[in-house]
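Data first, discussion second: the structure below is written as structure tokens.
The values are calculated or read from the model by the stated rules, or taken from the named source; none is laboratory data. The shown structure was predicted, so the numbers you read here are calculated from the model rather than taken from an experiment. Virtual Cβ from ideal backbone geometry, glycine too; neighbours counted across all protein chains shown.
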Amino acid sequence: MRELLLRMEEVDPQNFAARITHFRANNVDLQELWAPLKHRRENRYIQWIAWLEGNGEMPSSPLAPSPPQGTLQESGELIELGDALDVLDQELGFID
């Protein structure tokens, strides 16, 4: 359960906030959750504690890294399907 909550914190902070708010309202000890978060991402841990205490904004999802830009995207041109299959055939050594 702890690992699921930690993953939720990474990908869906709003849902995570709802869960920890509910747990806190029901006097659930969250120390087992906070310890690994503090170890893995201390800044996020500090942000969540501040938010729970009313001293900060709720943390948001970290931005996903942008995909690497290749030369194909830069040129805007696609090679013909037959040529692409020939390249695969040569590089992977497919036998017809």
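Some observations on this one:
- Flag if GLU53 is in contact with a helix residue (DSSP H, G or I) (Cβ under 9 Å, 6 or more places away or on another chain) and at pLDDT 85 or above: no
- With respect to the stated conditions, PHE16 fails to be over 16 Å from MET58 (Cα atoms) and of a type in the set (Phe, Trp, Tyr).
- Neighbours by Cβ (under 8 Å, 6+ apart or cross-chain): first from the stretch 49-77, within 17 Å of LYS38 (Cβ to Cβ); second assigned to a loop (DSSP other than H, G, I, E, B) and modelled with pLDDT of 65 or more: ALA50/GLY56; TRP51/GLU57; TRP51/MET58; TRP51/PRO59
- Taking the stretch 27-41 as the range and being surrounded by 14 or more Cβ atoms within 10 Å (Cβ to Cβ) and aliphatic (A, V, I, L, M) as the test, the residues that pass are LEU30, LEU33, LEU37.
- Which listed residue, of ARG24, ARG7, ARG44, is surrounded by 11 or more Cβ atoms within 10 Å (Cβ to Cβ), touching an Asp or Glu at 6+ places or on another chain (Cβ under 9 Å) and either part of a helix (DSSP H, G or I) or at pLDDT below 90 (or both): ARG44
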